[in-house]
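Novice: This is the structure I want to talk about, given as structure tokens.
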Amino acid sequence: MSRHAPFGIVAQSRFDGERFHDQPATLLIEEGRVADLALGDQAVDLAARGLVVERAPFLMPGLVEAHAHLFLHGAELDGKIRAAHQKAPVEDLLGAAKGHAQATLKAGITLVRDAGDKFGVNDAMRDLARHPASGYPAIRSPGLGLKRPNRYGAFMARDVETDEAIEPMVAEIAKTADDIKVILTGIIDFAKGAVTDLPQFDAPAATRIAQAARAAGKPTFAHCSGEKGLRVACEAGFDSIEHGFFMNRESLTRMADKGIAWVPTFSPVHFQWARPEVVGWPEETVAHLRRILDGHTQMVGEAAKLGVALVAGSDAGSQGVPHGQALIDELFHFLEAGLGLAAVLASATAVPRRLWKVAPAGPVKGGRFDAVALAQSPTHDARALRQPLAVWREGVRG
Ligand SMILES: [Zn+2]
């Protein structure tokens with residue numbers, strides 16, 4: 001059954017998920033896929049066949065946001081309102097998530113990995129977003145993450161009381177989850193400029209989680225910052241380390257060896273540094289934040305050199321981290337870390353799709369036509385990423 005009529009696109013230049021191509025190409029889109037891709041401007045041939053032909057100065061795969069909390073208001077800065085939001089009726093949270101998902105698609109993002117919510121809004125959104133014409137990006141959901149009792153992460157995870165509970169709980173979550181989220185550590189104590197508490201899971205428990213998820217065929221992603229947590233995450237062999245503040249070379253080397261990806265989520269910490277008056281951070285804390293960001297930038301550059309798979313994710317929904325826009329901010333943070341533009345764009349296109357075993361997308365022959373058109377190539381000006389001209393999800397214009 002056809003979702004929509006076939007159409008053609010002539011792109012002046014394009015990015016295929018890994019590299020740039022500077023010559024024009026003509027694409028035939030059928031059934032949401034790139035049925036044909038030929039070099040040169042074949043618009044006349046397509047028009048002769050009665051097809052609508054669009055033109056794009058630049059075409060690239062739809063972006064992937066690897067870390068967002070769809071139910072949380074990233075643009076809401078007021079701490080009291082943010083806290084009250086989490087006590088709102090689930091219908092309100094779902095309503096908020098719908099708006100966030102729409103904003104996400106408008107920013108050129110066609111696939112989002114939610115990073116956990118205890119209300120199941122992420123699962124509900126995944127269902128609402130199944131159809132490419134839903135107006136939402138495709139959504140991966142972990143449902144609820146795993147945490148230890150009385151530790152950080154209550155808004156997104158359930159408690160693992162004993163190590164013996166790990167396997168049955170992972171098996172239960174895996175029935176509906178696309179990914180298994182683990183809250184391995186607490187968050188950064190900004191005032192102290194450090195992660196001060198011990199990891200929630202020790203290496204044997206974390207390894208049991210990673211193995212149980214692998215047995216269920218689900219990738220793992222671990223909320224983790226601080227040296228102690230990073231050591232446990234590397235030991236356990238989680239598929240991805242989220243945040244990873246206070247990264248060090250030893251962990252990066254192990255990540256490269258074991259194929260552990262890194263989603264460095266600059267945005268939430270960057271916001272605290274850029275807008276210290278919102279929380280009321282004193283000068284000393286602002287200095288900590290700057291030091292943490294500088295170290296992070298340096299380590300992301302190091303990770304790229306060592307061959308660690310870097311994946312862009314913003315932690316949208318965190319204070320001052322708006323859905324959609326923040327992923328683009330994250331790409332600029334990667335540029336500041338010294339990554340080349342192709343590597344930066346790959347971190348939000350081909351790399352996560354490969355790691356998550358999702359079908360290739362974008363202006364590639366046979367690919368799913370999840371794509372973004374820009375007014376000019378980002379090789380001329382990366383700011384073109386901030387204002388996509390058009391977004392398609394499986395050939396459906398968003
Ligand atoms: Zn998060």
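Novice: Just give me a number: lysine pairs in segment 63-355, eight or more positions apart or cross-chain, with C-alpha atoms less than 17 Å apart.
Specialist: 13
Novice: Using alpha carbon centroids, what distance separates segment 145-170 and segment 291-360, in Å?
Specialist: If you average the Cα positions of each part, the centres end up 28 Å apart.
Novice: Another question about this same structure. Kirkwood hydrodynamic radius (Cα pairs, Å) of segment 96-142?
Specialist: On the way: mean 1/r = 0.0966 Å⁻¹.
Roughly 10.3 Å, rounded to one decimal.
Novice: I need two numbers for segment 151-204: Rg to one decimal and Dmax as a whole number, Cα atoms only, in Å.
Specialist: 13.1, 40
Novice: To the nearest µm²/s, what D does Stokes-Einstein give for segment 1-117 at 20 °C and 1.002 mPa s, using the Kirkwood radius over alpha carbon pairs as Rh?
Specialist: Numbers: Rh = 17.2 Å.
Estimated via Stokes-Einstein, D reaches 125 µm²/s.
Novice: Here's another thing I want to ask about it. Once you wrap a convex hull around the alpha carbon atoms of segment 63-355, what is its projected area averaged over all directions, in nm²?
Specialist: On the way: hull surface 54.5 nm².
For the Cα atoms of segment 63-355, the hull's average projected area reads 13.6 nm².
Novice: So what's the projected area for segment 249-317, the Cα convex hull averaged over all directions, in nm²?
Specialist: Computed as one quarter of the Cα hull surface, the answer is 5.0 nm².
Novice: Going highest first, how would you order 144-157, 360-373 by mean Cβ packing within 10 Å?
Specialist: Details: 144-157: 19.8, 360-373: 23.5.
Top to bottom by mean Cβ count within 10 Å: 360-373, 144-157.
Throughout, read-outs are computed from the coordinates displayed, never taken from laboratory work. Being a predicted model, the structure only gives us computed values, none of them experimental. A quick note on method: Cβ atoms are made from the backbone with ideal geometry, for glycine too, and the neighbour counts reach across all protein chains shown.
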